[in-house]
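Here's the structure, in structure tokens; my notes come after.
The values are calculated or read from the model by the stated rules, or taken from the named source; none is laboratory data. None of the values given here were measured: they were computed from a predicted structure. Cβ coordinates were reconstructed from backbone atoms using ideal geometry, including for glycine residues, and neighbour counts include every protein chain displayed. Side chains included, ligands, DNA and RNA excluded: accessible areas come from the protein's heavy atoms. Shrake-Rupley method; radii C 1.70, N 1.55, O 1.52, S 1.80 Å.
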Amino acid sequence: MTSHHHCSQFFHFFVQSRQLRRSICILFIFCATTYSAFAQSSSKELSKQMDSAFSGIASHDTPGFAVLVKKDGKIVFEKGYGVRDLRSKTGIDAQTNLRLASLTKQFTAMAVMLLVHDGKLRYDQPLTDIFPEFPAFGKQITVRTLLNHAGGLPDYEDLMDAAEKTKGSIWSAEKQIQDAEVLQLLEKESHGKFAAGTKWEYSNSGYVVLGLMVAKVSGISFGKFLQERIFRPLKMKHTLVFEKGKNQVVNRAYGHSKKENVFVETDQSSTSATQGDGGIYSNLEDLSRWDDALRDHTLLSEKDFLPAITPAKLPPGAEARLAEDVPDSLRGHASAYGFGWFLNLQDSHPAMWHYGDTMGFKSAILRYTRDQVTVIVLCNRTDIDPGALALKAAQLFLPVN
């Protein structure tokens, strides 16, 4: 009798617990779907908010910009505003290729890191090791100090100005300075701006030289190396190092500036042909693949990529120059520099980021690594601050602390 009673109790409990389990299960599924529906609707809501904030900036007959926002590796917002150029009035979209300007530096850095990984370069290798004809001050400049913007090379634009003061006009938008000429100008100097490793100063010269190193050490052109080792493996089909007369940018956006309230095409200058510091064209679709590769460590292992997001080691007090070189909107987000990336690692939302600013184009990429949020803004006009737009978009998707 008792055993039977126990049995029925057990049976009763078993049924109950099964029902309980089922109820919990149903509740859990309901919560999960409600949450994902909430997440979807809130992200739809956020997209709407963003769209209305952005759509007033560019109209269907002005140059504009393209914005991409990703959360947890998924695209939550991707849209173009304005037109690629004022002749065709073709709208900007995720396939429109814009000049990246200094966003190029993260690719130049990756190319160097791949060669270090291959054992063909070392971070502590002196510049004179790779270019033996470089003057003696290059002995102290290493691959690492160039990547960190701590090499102290003279600014090639200053050297161009000095050369033109004595010789008259040499370069123009039609006759642009080439990388090899930048190296020649640098080799005529007897000293740098400061001793390598003692200061931080943003250096386009340094990244032009790194691009030349990639070509020299790999035995193929810088553009071809990037194509073979970065763009092709990541299926970045429309990204390229632009060389006028040698290759073509499809779906190309042209750069513009505002003069007396009217947009004027300002696409090329005398320095638009240099490569390692700013010569890449790309689009949102391809840059989303680049973002995936950085997150998934597709090209380099996490360990091998670490130097890129390790702050440059500088003597005390030297870091203060960092903020002077970034746009106002991003000033509070530049606590250090790695290889081709500004870093803000102490923040409650740690980030790696960069901006670009050149004749007719501006750009920004913000990657909040812990929060898994990426924002990319590419503009073909210079009266917009892509850093401010990227921060505005990011705020909507970052969790509140």
### One residue from Gln346, Gln372 being modelled with pLDDT of 95 or more, of a type outside the set (Ser, Thr, Tyr) and open to solvent by 20 Å² or more (accessible area, probe 1.4 Å)
Gln372
### Message
Here is a check on your reading of the model: is Lys120 closer than 27 Å to Glu243 by Cα, charged (D, E, K, R) and touching a helix residue (DSSP H, G or I) at 6+ places or on another chain (Cβ under 8 Å)?
### Response
yes
## Note on the structure
Of the residues in the range 290-311, those that are open to solvent by 20 Å² or more (accessible area, probe 1.4 Å) and either modelled with pLDDT under 95 or within 12 Å of the chain's Cα centre (by Cα) (or both) come to Pro311
### Task
With respect to Gly211, determine if the residue is surrounded by fewer than 23 Cβ atoms within 10 Å (Cβ to Cβ), part of a helix (DSSP H, G or I) and touching a strand residue (DSSP E or B) at 6+ places or on another chain (Cβ under 9 Å).
no
### Task
Output the residues belonging to the range 58-92 that are closer than 15 Å to Ser282 by Cα, open to solvent by less than 10 Å² (accessible area, probe 1.4 Å) and not β-branched (Val, Ile, Thr).
Phe65, Ala66, Leu68
### Task
Collect the residues in the range 344-401 that are part of a strand (DSSP E or B), under 30 Å from Gln176 (Cβ atoms) and not aliphatic (A, V, I, L, M), keeping them in residue-number order.
Trp353, His354, Tyr355, Gly356, Asp357, Thr358, Phe361, Lys362, Ser363, Cys379, Arg381
#### Entry: Options Asp291, Asp277: the member that is among the acidic types (Asp, Glu) and part of a helix (DSSP H, G or I)
Asp291
### Query
Is it fair to say Lys224 is open to solvent by 80 Å² or more (accessible area, probe 1.4 Å), part of a loop (DSSP other than H, G, I, E, B) and over 19 Å from Tyr123 (Cα atoms)?
no
### Message
Need the failing condition index for Thr274 against (1) buried (at least 20 other Cβ atoms within 10 Å of the Cβ); (2) modelled with pLDDT of 95 or more; (3) more than 14 Å from Gln106 (Cβ to Cβ), just the number.
### Response
(2)
### Query
Which one of these does Tyr156 not meet: (1) without any contact (Cβ under 8 Å) to a residue 24 or more places away in the chain; (2) closer than 22 Å to Val112 by Cα?
(1)
### Test result for Ile177, in a loop (DSSP other than H, G, I, E, B) and open to solvent by less than 20 Å² (accessible area, probe 1.4 Å)
yes
### Qualifying position, being out of contact with any His (no Cβ under 8 Å at 6 or more places or on another chain), under 22 Å from Tyr355 (Cα atoms) and not hydrophobic (A, V, I, L, M, F, W, C), among Arg232, Arg289
Arg289
#### Entry: Residues within the range 180-208 that are open to solvent by 10 Å² or more (accessible area, probe 1.4 Å) and either part of a loop (DSSP other than H, G, I, E, B) or small (Gly, Ala, Ser) (or both), tallied
16
